[in-house]
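Presented below is the structure to which this report refers.
The values are calculated or read from the model by the stated rules, or taken from the named source; none is laboratory data. None of these values were measured; they are calculated from a predicted model. Cβ sites come from the backbone with ideal geometry, for glycine too, and all protein chains shown count toward neighbours. In case anyone asks, the SASA skips ligands and DNA or RNA and just uses the protein heavy atoms, side chains included. Shrake-Rupley method; radii C 1.70, N 1.55, O 1.52, S 1.80 Å.
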Amino acid sequence: MKSFYIETFGCQMNAHDSEKVVGTLLERGYEQVEEPAGADLVLYNTCSIRDKAEQKVFSRLQQFKKESKGKVFGVLGCVAQQEGERIFERAPHVSLVCGSASYTRLPELLVQIERGDRRVTGLSLDTEETFETPLTRRDNPHRAYITIIEGCDKSCAYCVVPFTRGPERSRTGASIIEEARQLASMGYTEIQLLGQNVNSYLDPSPEGWNLARLLREIARVPGLRRVRFTTSHPRDFGRDIIEAIDENPVLCNHVHLPVQSGADSVLARMQRLYTRSDYMRRIDWMKNSPRQIAITTDIIVGFPGETEDDFKQTLALLDEVEYDSLFSFKYSKRPNTPALALDEHLSEDEKGARLTILQEKQRAIQIRRNADLVGRTEEAMIEGFNKATGQWIGRTAQNRTLNFTLPDGLPVPAPGRYMPVLVTRAGANSLAGEAVRTA
Ligand code: 5AD
Ligand code: SF4
């Protein structure tokens, strides 16, 4: 039997793609191993969103170059798509290069590899297909990812994704509901719907569901308790999504809505297709929801031409929105992207200084917001047990980590179950509490 090792970098889409790739390999009789040393086939599912992410795969390939004899190396995902056959030049021991838009061809590519072909590629972006497979091997037994749309038709000036994942392709609503039903019948209670831009979801069947309609339908699948979706683009984010959340408790009260910058001039140069006030209108919908929707975002600091005043506007936006959490990044130059042609690139030091200021501000906001939750009882989905701290690890519907202890006499919880927990302490990045007795 042949064995394989796979390491995954990047976003949840990549993590889920790997689950599908693993399923496909197991089906062909491969066995998965935990270390590259013992594998016949070593795969890296790569990310190229920032330069640092891209460099990781090349350092991994370097690391194993000497021990490459008798092994087949494959590069999948976004770096594969972006660099294509250049990967063979940079790392001659690689035999397979395949981007995510070509994963439907994987079984065929594997046959070529097994035949001993030295250079095998799947690099076409010219596809209308989505990678749907009944062979997905999910890592988590309680929370499952479902892809609803692949690719991206936007052209944000900094972003490689349109080049690495190709044009938008939505799955049919019926196939998504069918997968959700199957997962619920297998015991999954939480589902996360995935896409680079889920708000552009458009059912290609005559039903023509949009995202809000799809969310309402998924919320009705018996057995599901939490449904999340990511990631959203503000331009396409309709009020009907908030209405669906308001009316369906199964839809989690958490929305990730990347803003990238608080300054209109930067948003325009980023080609984000919305203004700060368009964005704030969407925030107002959420703030006015009776469900107390947690809001999180992504921010890029130091985009070319970002002035001190632009940056201050981003800081002011953080005060105005009071995000529950955020991911922040220094702008990183990416191949093929329109932003490369812009003037006034900032130095690494300037970007670093802004990132620190932004992160400190957000930390203070989170400390304040999380402190407001002390004394409340939140439902936690149990993710595991931390031996070092003696606490159970839980997650709230709003996607906060809530670590907790058990009062004497309460039965030991099982991962994947839900428990009410009284929040007793709050930090910047997590909550702590004690499980409460029900009835
Ligand atoms: N540089 C820095 N951050 C980036 N992101 C996307 N492209 C870049 C880039 N070139 C960030 C955005 C996006 C998140 C997934 O990564 O904030 O929302
Ligand atoms: Fe990285 Fe973006 Fe590709 Fe995800 S889609 S793996 S974040 S480059």
| Roughly how big is region 377-435's charge dipole about its Cα centre, with Cβ charges of +1 (Lys, Arg) and -1 (Asp, Glu), in debye to the nearest 20? | 160 debye
| Rounded to whole Hz, the Karplus (6.51, -1.76, 1.60) HN-Hα couplings of region 188-201, x for glycine and proline | 5, 10, 10, 10, 10, 7, 10, x, 5, 8, 5, 5, 7, 3
| remark: To the nearest Å², the heavy-atom accessible area per residue of the chain with 1.4 Å probe amounts to 44 Å²
| Expressed in nm to one decimal, what extension gain is obtained for the pair GLU89 and GLN112 from 0.36 nm per residue of sequence separation less their Cα-Cα distance? | 6.3 nm
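Report the full-extension gain for the segment ASN336 to THR275: residue separation times 0.36 nm, less the Cα-Cα distance, to one decimal in nm. Before the final figure, lay out the partial values.
On the way: separation 61, 0.36 × 61 = 21.96 nm, distance 2.49 nm.
Working it through step by step, the gained length comes to 19.5 nm.
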| request: Between the alpha-carbon centers of region 102-177 and region 411-439, tell me the distance in whole angstrom. | output: 37 Å
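Based on the alpha-carbon gyration tensor of region 119-272 and its eigenvalue square roots a ≥ b ≥ c, which shape applies: rounded if a/c is under 1.5, prolate if not and a/b is larger than b/c, or oblate? Walk me through the numbers on the way to the answer.
Values: a/c = 1.86, a/b = 1.21, b/c = 1.53.
The shape class here is oblate.
Calculate for the chain the 222 nm mean residue ellipticity that helices alone would give, adding -39,500 (n - 2.57) per DSSP H run of length 4 or more and normalising by residue count, nearest 500 deg cm²/dmol. Display every interim value, and only then the final one.
On the way: 13 runs with 142 residues, N = 439.
Calculated mean residue ellipticity at 222 nm is -10000 deg cm²/dmol.
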| task | With unit charges on the beta carbon (Lys/Arg positive, Asp/Glu negative), name the residue among GLY122, ALA39, GLN62 whose Cα is farthest towards the positive pole of the charge dipole of region 12-122. | result | GLN62
| message | Based on alpha-carbon centroids, what's the gap between region 327-390 and region 181-210 in Å, whole number please? | response | 28 Å
| Roughly what would the spin-label model give for LEU123 and THR377, points 7 Å off Cα along C-beta, in nm? | 5.9 nm
| query | If each of GLU434 and ASP343 carries a label point 7 Å out from its Cα toward its Cβ, how far apart are those two points in nm? | reply | 6.4 nm
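Given Cβ point charges of +1 (Lys, Arg) and -1 (Asp, Glu) and nothing else, what value in debye, to the nearest 20, does the dipole of the chain about its Cα centre take? Write out the running numbers ahead of the final one.
Values: 57 positive and 60 negative charges, 158 e Å.
Result for the chain is approximately 760 debye, rounded to the nearest 20.
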| request: With a ≥ b ≥ c taken as the square roots of the eigenvalues of the C-alpha gyration tensor of region 47-112, please select rounded if a/c is under 1.5 and otherwise prolate if a/b is larger than b/c or oblate if it is not? | output: oblate
| query | Out of region 336-439, which trypsin sites (Lys or Arg not before Pro) are coil in DSSP terms and have no more than 14 other C-beta atoms within 10 Å? | reply | ARG376, LYS387, ARG417, ARG437
| query | Looking at the chain, do any whole DSSP H helices span at least 15 angstrom along their long axis by alpha carbon and average 1.6 or above on Kyte-Doolittle, and which? | reply | none
| said: For the chain, give me every cysteine whose Cβ has no other Cys Cβ within less than 4.7 Å, ordered by residue number. | reply: CYS11, CYS47, CYS78, CYS98, CYS152, CYS252
| note | Calc'd 3J(HN,Hα), region 401-417, phi into Karplus 6.51 cos²θ - 1.76 cosθ + 1.60 (θ = phi - 60°), Hz, glycine/Pro = x, comes to 6, 10, 8, 8, 10, 10, x, 3, x, 7, x, 5, x, 9, x, x, 8
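Mind ranking ARG181, ARG226 by accessible surface for me, highest first, 1.4 Å probe? Mind dumping the intermediate values first?
Details: ARG181 120, ARG226 5 Å².
In descending accessible area the options line up as ARG181, ARG226.
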| said: Only four residue types carry charge here, +1 at the Cβ of Lys and Arg and -1 at the Cβ of Asp and Glu. Report the dipole size of region 186-258 about the Cα centre in Debye, rounded to the nearest 20. | reply: 180 debye
| Which listed residue (LEU202, ALA184, PHE237) has the Cα farthest towards the positive end of the charge dipole for region 179-253, taking +1 on Lys and Arg C-beta and -1 on Asp and Glu C-beta about the Cα centre? | ALA184
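Rounded if a/c is under 1.5, else prolate if a/b is larger than b/c, else oblate: which is region 377-435, with a ≥ b ≥ c the root eigenvalues of its Cα gyration tensor?
Values: a/c = 1.36, a/b = 1.25, b/c = 1.09.
It is rounded, given that a/c, with a ≥ b ≥ c, falls under 1.5.
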| Among THR297, LEU315, TRP285 - extreme Cα towards positive end, dipole of region 281-321, charges at beta-carbon | TRP285
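Taking 0.36 nm per residue of separation and subtracting the Cα-Cα distance, what length does fully extending ALA388 through GLN63 add? Spell out each step's value before the answer.
Numbers: separation 325, 0.36 × 325 = 117.00 nm, distance 3.20 nm.
Length gained between ALA388 and GLN63: 113.8 nm.
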| task | Straight distance only, please: which lysines reach the Cα of LYS330 with their own Cα at less than 27 Å, same-chain residues fewer than 8 apart left out? | result | LYS52, LYS56, LYS154, LYS312, LYS351, LYS361
